[in-house]
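I have placed the structure first, in the form of structure tokens, so that the comments after it can refer back to it.
The values are calculated or read from the model by the stated rules, or taken from the named source; none is laboratory data. This one's a predicted model, so the numbers in the text were calculated from it and none came from an experiment. Reconstructed Cβ throughout: ideal geometry from the backbone, glycine too, with neighbour counts over all protein chains shown.
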């Protein structure tokens, strides 16, 4: 792949990177006997398993994604038979519980999680700057000043 000048096609290249990472993790799930299992399910299952039933809002806050994103993920997980939703104290609140099926696959997910974490550390050692550190720094910087504001500074 040709080297692109800094900033050109950044979104496209980031999507390609994410596609490569998620695609490989998805193939690992298939290799482990879980075809169709989505990588974004694992943090939800692990968190509900370790911390107990969680509201959609609590899951979003802990995982670091939007309420909308986690709600969509949880709804897909419900359709896939991995979680059940129960009303919370507030009628608008939905509490996520694991199904027996999700508990059955926990050992496989745990092994994959630890292997993926180790593989990520391996990848970080091959890069001039650890990807995990750069992603965290970019998220903090964009939280401080969104890209929209940065773009307007240059318009």
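Table for the structure above
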quantity	calculated
Any helices (runs of 4 or more DSSP H) falling wholly within the range 6-80 and containing at least 3 residues that are closer than 27 Å to residue 122 by Cα	10-31, 41-51
One residue from 48, 44 being in contact with a strand residue (DSSP E or B) (Cβ under 6 Å, 6 or more places away or on another chain) and buried (at least 16 other Cβ atoms within 10 Å of the Cβ)	48
Meets criteria (in contact with a helix residue (DSSP H, G or I) (Cβ under 6 Å, 6 or more places away or on another chain), in the same structural domain as residue 34 (by TED's automatic domain parsing) and surrounded by 15 or more Cβ atoms within 10 Å (Cβ to Cβ)) for residue 95	no
Search result, residues across the range 96-115 that are outside any helix (DSSP H, G or I) and within 19 Å of the chain's Cα centre (by Cα)	96, 97, 98
Sole residue being closer than 24 Å to residue 138 by Cβ, loosely packed, with under 11 Cβ neighbours inside 10 Å and modelled with pLDDT under 95, chosen from 87, 5	5
Residues located in the range 17-40, provided they are within 16 Å of residue 76 (Cα to Cα) and within 15 Å of the chain's Cα centre (by Cα)	26, 37, 38, 39, 40
Long-range neighbours under 9 Å by Cβ, at least six apart or interchain, first residue touching a residue at least 60 places away in the same chain (Cβ under 8 Å) within the range 137-155, second in a helix (DSSP H, G or I) and surrounded by 11 or more Cβ atoms within 10 Å (Cβ to Cβ)	none
Matching entry among 59, 32 (being surrounded by fewer than 16 Cβ atoms within 10 Å (Cβ to Cβ), in contact with a helix residue (DSSP H, G or I) (Cβ under 6 Å, 6 or more places away or on another chain) and at pLDDT 95 or above)	32
Enumeration of residues in the range 116-155 that are surrounded by fewer than 11 Cβ atoms within 10 Å (Cβ to Cβ) and part of a loop (DSSP other than H, G, I, E, B)	128, 129, 145, 155
